[in-house]
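Working notes, structure below.
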Amino acid sequence: MEGRAMKYVRMPIEIESPEEQGYDTIRFNLSESSMRDRNLSELGLDTNDLVLAYGAHKGAPGLRTLIARQSNVPEHAVLTTVGAAGALFIIATTLLEKNDHLVVVRPNYATNIETPRAIGCEISFIDLKFEEGFHLDIARVEAALRPNTKLISITTPHNPTGVSLSDISLRHLITLAEANGIRLLVDETYREMSFVPKLPVAASLSDKVISVASMSKSYGIPGIRVGWLITQDGKLFERFLAAKEQIGICGSIIDEHIAEAALAQSAAWIATVERNLKSAVATVGDWLTRETRMEWVRPQGGCVCFPRIKADAGIDVEKFYRTLTQEHATAVGPGHWFEQDKRFMRIGFGWPLPEELEGGLKAISASLDASRR
């Protein structure tokens, strides 16, 4: 087994995350990629009589039923995981070996890239370009396929840009995967936060597709660590279940109980989320209309966007980040978190309160003022 060890490397997005740096050091937190964290009391949930036994290995039955119903798939296609990150880890380590090939969209949430890297498989990146509106060119995906390609990995709505695939593009990708005997992974964590018509859950359309989502982003409860994967391929489901059992046997009884309660209340909660996001996107859009040193692609979903400092704006980018952090105690997600130029930054507009969002945007402008070359 020499040479087969997983080569883990800590990701900058985790090393520099607010929870690692300390929330008490941040005044305006625009770095989060989720809705604002919720208190347990908001769910009106009584856990006192909950028996703390081992849970069902596939996930709490009531929770899986709700996920299946909302995803238009049978319950037996749903496997709960430790967040979406746990689902992505299970998928990568089940499907990929060192001599396999992966096609993945970039920029992307780091786990979609770093776990395959730890495995040591070959990776072809489909780099989304600002000048093209971060549009995914399916022809480029097709051209990247090789005889040893095992997996195509995409995210929609996309993190960090907020751009969504069209229904036609999604179905084209599914047809491409089916024709080549390749699995298609669709990270749909932001699906409930959409400013355009929602796509169907991709795994409901083909047994070659694996969908991933979680309670962390749209539902504002990342602390319970509940996510899921969906596949209608029964044999593949069993392999994923085996991986979950060997990693942790089952999920947390408490976490899945909370997740079930939150999903049962999802209609009212998502309606609130949609209202809050509409206002927040307008705030960011109005600021960028005035802040001519920056430019963006307006997001179509999610609670983040990925603007950049214009190349000709005459800004010392390193000084900008130092000023933003040290003088204004403001956090954003710098481009290097996503293997992009540091002129880019992910701005999370779903987590901060309205006054915090406005304060953080003003701090970015003030830091640009202080960083002219």
**TYR219, sole failed condition from (1) of a type outside the set (Lys, Arg); (2) in a strand (DSSP E or B); (3) within 16 Å of the chain's Cα centre (by Cα)** = (2)
**Request:** Answer with yes or no whether THR175 is free of Cβ contacts under 8 Å to residues at least 12 places away in the same chain and farther than 24 Å from SER33 by Cα.
**Result:** yes
**Those helices (runs of 4 or more DSSP H) lying entirely in the range 233-326 with at least 2 residues within 21 Å of GLU356 (Cβ to Cβ)** = 266-290, 317-326
**Asked** What helices (runs of 4 or more DSSP H), lying completely within the range 1-77, carry at least 1 residues that are in contact with a strand residue (DSSP E or B) (Cβ under 8 Å, 6 or more places away or on another chain) and modelled with pLDDT under 95?
**Response** 12-15, 18-21
**Request:** Run down LEU95, LEU45, LEU79, LEU50 and say which single residue is touching a residue at least 40 places away in the same chain (Cβ under 8 Å), under 15 Å from ALA213 (Cα atoms) and among the aliphatic types (A, V, I, L, M).
**Result:** LEU79
**Asked** So which residues in the range 38-75 are among the acidic types (Asp, Glu) and either more than 22 Å from LEU277 (Cβ to Cβ) or assigned by TED's automatic domain parsing to the domain that holds GLU245 (or both), if there are any at all?
**Response** ASP46, ASP49, GLU75
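For the range 110-122: of the residues being under 22 Å from PRO157 (Cα atoms) and without any contact (Cβ under 8 Å) to a residue 60 or more places away in the chain, which is surrounded by the most Cβ atoms within 10 Å (Cβ to Cβ)?
My answer is PRO116.
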**Item:** Residue match in the range 146-153 (condition: among the hydroxyl-bearing types (Ser, Thr, Tyr) and over 23 Å from LEU95 (Cα atoms))
**Value:** no
**Request:** With respect to SER153, determine if the residue is outside the structural domain of PHE306 (by TED's automatic domain parsing), hydroxyl-bearing (Ser, Thr, Tyr) and in contact with a helix residue (DSSP H, G or I) (Cβ under 9 Å, 6 or more places away or on another chain).
**Result:** yes
**Message:** Between a residue in the range 233-255 that is farther than 17 Å from VAL209 by Cβ and any residue that is aromatic (Phe, Trp, Tyr), which pairs come within a Cβ distance under 9 Å, given they are 6 or more apart or on different chains?
**Reply:** ALA243/PHE89; ILE247/PHE89; ILE249/TYR54; CYS250/TYR54; ILE253/TYR54
**Asked** Limited to the range 339-348, what total is found for residues that are surrounded by 20 or more Cβ atoms within 10 Å (Cβ to Cβ) and under 15 Å from ILE309 (Cβ atoms)?
**Response** 5
**Asked** Taking the range 224-272 as the search range and keeping residues that are farther than 24 Å from ARG191 by Cα and β-branched (Val, Ile, Thr), which one is surrounded by the most Cβ atoms within 10 Å (Cβ to Cβ)?
**Response** ILE253
**So PRO299, is it modelled with pLDDT of 95 or more, outside the structural domain of GLU188 (by TED's automatic domain parsing) and crowded, with 23+ Cβ neighbours inside 10 Å** = yes
**Message:** Just to be sure before I move on: is VAL163 at pLDDT 95 or above, part of a helix (DSSP H, G or I) and not charged (D, E, K, R) in the structure I sent?
**Reply:** no
**Filter result (acidic (Asp, Glu) and in a strand (DSSP E or B)) within the range 119-138** = GLU122, ASP127
**Message:** So, VAL226, is that one touching a residue at least 24 places away in the same chain (Cβ under 8 Å), under 18 Å from the mean Cα position of the chain (by Cα) and within 20 Å of GLY360 (Cα to Cα) or not?
**Reply:** no
**Request:** Give the residue that is farthest from GLU192 (Cα to Cα), with candidates limited to residues of the range 326-373 that are acidic (Asp, Glu) and in contact (Cβ under 8 Å) with a residue 24 or more places away in the chain.
**Result:** GLU327
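The values are calculated or read from the model by the stated rules, or taken from the named source; none is laboratory data. Small disclaimer: the values here were computed from a predicted structure and weren't measured. Please note: Cβ atoms are built from the backbone with ideal geometry, for glycine as well, and neighbour counts cover all protein chains shown.
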